Amino acid sequence: MRRITAKVPTTSPAKALAGRRVTLPADTDQALIRRADELARAGATGRITTR
């Protein structure tokens with residue numbers, strides 16, 4: 001299981017997520033990259049964890 005967690009800045013263009021901490025799951029490395037890209041578009045830098 002892979003997850004990426006990030007705090008979305010309050011100035012984020014993703015208004016629904018602004019100011020929140022989000023954790024996004026990913027089944028594969030490719031999915032993890034897509035999730036990291038989603039967070040980057042929201043203005044957040046994620047931290048990746050694996051189990």
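Can you pull out the residues in region 36-46 that are outside any loop (DSSP other than H, G, I, E, B) and surrounded by 13 or more Cβ atoms within 10 Å (Cβ to Cβ)?
Step one: of region 36-46, the residues outside any loop (DSSP other than H, G, I, E, B) are 36-41.
36, 38, 39, listed by residue number.
If you take the residues in region 1-15 that are part of a loop (DSSP other than H, G, I, E, B) and open to solvent by less than 70 Å² (accessible area, probe 1.4 Å), which one is nearest to residue 45 (Cα to Cα)?
By that ranking, first place goes to 8.
Would region 16-35 turn up any residue that is in a loop (DSSP other than H, G, I, E, B), open to solvent by less than 40 Å² (accessible area, probe 1.4 Å) and at pLDDT below 90?
Yes, region 16-35 has at least one match.
The values are calculated or read from the model by the stated rules, or taken from the named source; none is laboratory data. No experiment lies behind these values; they were computed from the predicted model shown. Please note: Cβ atoms are built from the backbone with ideal geometry, for glycine as well, and neighbour counts cover all protein chains shown. These area figures cover heavy atoms from the full protein model, side chains too; ligands, DNA and RNA do not enter into them. Shrake-Rupley method; radii C 1.70, N 1.55, O 1.52, S 1.80 Å.
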